[in-house]
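What follows is a set of notes on a single structure, which appears directly below.
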Amino acid sequence: MEGYIKNLKEKGIKVTAQRIAVLSALKESEHLTAEEIFEGVRKKFPTISLATVYAILDTLWQKGLVEVLRIVPEKACFGVKMDVHHHFYCKKCRAVFNVHIPLCPSLRRKEVAGNLIEEVQGNFYGLCKKCRAKHA
Ligand SMILES: [Zn+2]
Ligand SMILES: [Zn+2]
């Protein structure tokens, strides 16, 4: 709890119980859709609306506290922003998870053709380890 308050304060975001609830839901699972976050947060805050959850996610994304993934074809997913990492999407079981690969030189310099890079995302699509084992 302390950690989330610190994260919000550092970014100049007003600390509210609902914002903390959204952040803690995201820290529990790696990636969630807004609907999944809404279902979780609603247990504690029955009056919260999906629109409010989206508004909170937008604020947290603008301030760099959450990442938005457009990897799952049917919907966007959200995750807690960490160091640069990429995502793997399993086309069979639809799992999304973080993968870490060495950074290319532009990413280490944080610029490409004179443009400052603030965020980067690589999406890999294929068969995850578990599904590969099952279908081998
Ligand atoms: Zn899989
Ligand atoms: Zn991620």
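What to note about this one:
- Across segment 26-72, the number of residues qualifying as open to solvent by 20 Å² or more (accessible area, probe 1.4 Å), part of a helix (DSSP H, G or I) and not basic (Lys, Arg) comes to 15.
- Verdict on Glu74 being free of Cβ contacts under 8 Å to residues at least 12 places away in the same chain, within 19 Å of Leu127 (Cα to Cα) and acidic (Asp, Glu): yes
- Filtering segment 69-87 to residues that are within 9 Å of the chain's Cα centre (by Cα) and among the basic types (Lys, Arg) leaves only Lys81.
- Segment 73-129: number of residues that are in a strand (DSSP E or B) and either within 16 Å of ligand 2 (Cβ to nearest atom) or open to solvent by less than 30 Å² (accessible area, probe 1.4 Å) (or both): 17
- Qualifying residue in segment 23-35 (condition: closer than 28 Å to Lys91 by Cα and in contact (Cβ under 8 Å) with a residue 60 or more places away in the chain): yes
- The residue list Val120, Val66, Val112, Val84 contains one member that is more than 16 Å from ligand 1 (Cβ to nearest atom), of a type in the set (A, V, I, L, M, F, W, C) and under 21 Å from Lys14 (Cα atoms), which is Val66.
The values are calculated or read from the model by the stated rules, or taken from the named source; none is laboratory data. Computed from a predicted model, the values in this text were never measured in an experiment. Backbone-built Cβ (ideal geometry, glycine too); neighbour counts: all protein chains shown. Only protein heavy atoms, including side chains, enter the accessible area calculation; ligands, DNA and RNA are left aside. Shrake-Rupley method; radii C 1.70, N 1.55, O 1.52, S 1.80 Å.
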